[in-house]
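Asker: Below is one structure. I have some questions about it.
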Amino acid sequence: MFYNRRMKRVTLYTDGACSGNPGPGGWGAVLIYGEHSTKLSGGEIGTTNNRMEITAVIEGLKRLKYPCEVDVYSDSAYTVNAFENGWVYAWEKNGWKKADKKPVLNEELWKELLDLARVHKVSFHKVKGHADNELNNTCDELARAAIEDLRKKLIKNDID
């Protein structure tokens, strides 16, 4: 994609969490541009930690209104390595099969994330989880809060 204006540079911190794996899961993201930041979160009833990690990146990128340079910071080696080690491109080339010829898990999420990564100029960065990274910890809190919100809704629906 070609645009007349210079791409804006944004930072996206993400995290996913699951209570049981599979189980209720949540994702959190913090999107930063200049002095502005936006917190995002959501959850799913029956999911996995890896699905929530990927979803956090997808949801953050979906919020961008036009192509940007994006630095994604995640504690998910699975998500970061899929791009940094080129796995996602090999999976796509091989019909969404891994080197052992088994199907890639979470194929629909990887396809969506790959499509979004092609709209933007995305760089992935691995951060240590549950450490002293304030924004990663914020994303973890958002993801865990999303799980609790989901549980409360489920309990309320069971009562109603």
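Readers should treat all values here as calculations from the given coordinates under stated rules, not as data from a laboratory. Treat the numbers as computed from the prediction; the structure is a model and nothing was measured. Every residue, glycine as well, gets a Cβ built from its backbone with ideal geometry; the counts of neighbours run over all protein chains shown.
Asker: Work out, step by step, the length gained on full extension between residue 87 and residue 32: first 0.36 nm times the residue separation, then minus their alpha carbon distance; give nm to one decimal.
Answerer: 17.1 nm
Asker: Please compute one quarter of the surface area of the Cα convex hull for the chain and express it in square nanometres.
Answerer: Numbers: hull surface 44.1 nm².
Reported value for the Cα convex hull: 11.0 nm².
Asker: Once you have a ≥ b ≥ c as the square roots of the Cα gyration tensor eigenvalues for region 97-148, tell me rounded if a/c is under 1.5, and otherwise prolate or oblate according to whether a/b is larger than b/c.
Answerer: It comes out prolate by the Cα gyration axes.
Asker: Can you sort 52, 7 by how many other beta carbons sit within 10 Å, fewest first?
Answerer: 7, 52
Asker: Quick one: if the Förster radius is 45 Å, what FRET efficiency do residue 141 and residue 6 give, using the C-beta to C-beta distance and rounding to 0.05?
Answerer: The value I calculate is 0.85.
Asker: Would you work out which of 18, 95, 143 lies farthest towards the positive end of the dipole of the chain, given +1 charges on the beta-carbon of Lys and Arg and -1 on that of Asp and Glu, about the Cα centre?
Answerer: 95
Asker: Same structure, new question: So if I place +1 on the C-beta of Lys and Arg and -1 on the C-beta of Asp and Glu, and nothing else carries charge, what would the dipole magnitude of region 8-155 be about its Cα centre? I want it in debye, nearest 20.
Answerer: That gives a dipole near 440 debye.
Asker: Quick one: length gained pulling residue 45 to residue 154 fully straight, 0.36 nm per residue minus the C-alpha distance?
Answerer: Contour length minus the Cα-Cα distance gives 38.4 nm.
Asker: I need the calculated FRET efficiency for the pair residue 131 and residue 101, taking r as the beta carbon distance and R₀ as 41 Å, to the nearest 0.05.
Answerer: With R0 = 41 Å, the Cβ-Cβ based efficiency is 0.65.
Asker: If you find the alpha carbon centre of region 110-131 and of region 7-22, how far apart are they in angstrom?
Answerer: First find each Cα centre; the distance between them is then 9 Å.
Asker: Taking neighbour counts of Cβ atoms within 10 Å as a proxy for exposure, in what order, fewest first, do 155, 58 appear?
Answerer: Values: 155 10, 58 18.
Lowest to highest Cβ neighbour count: 155, 58.
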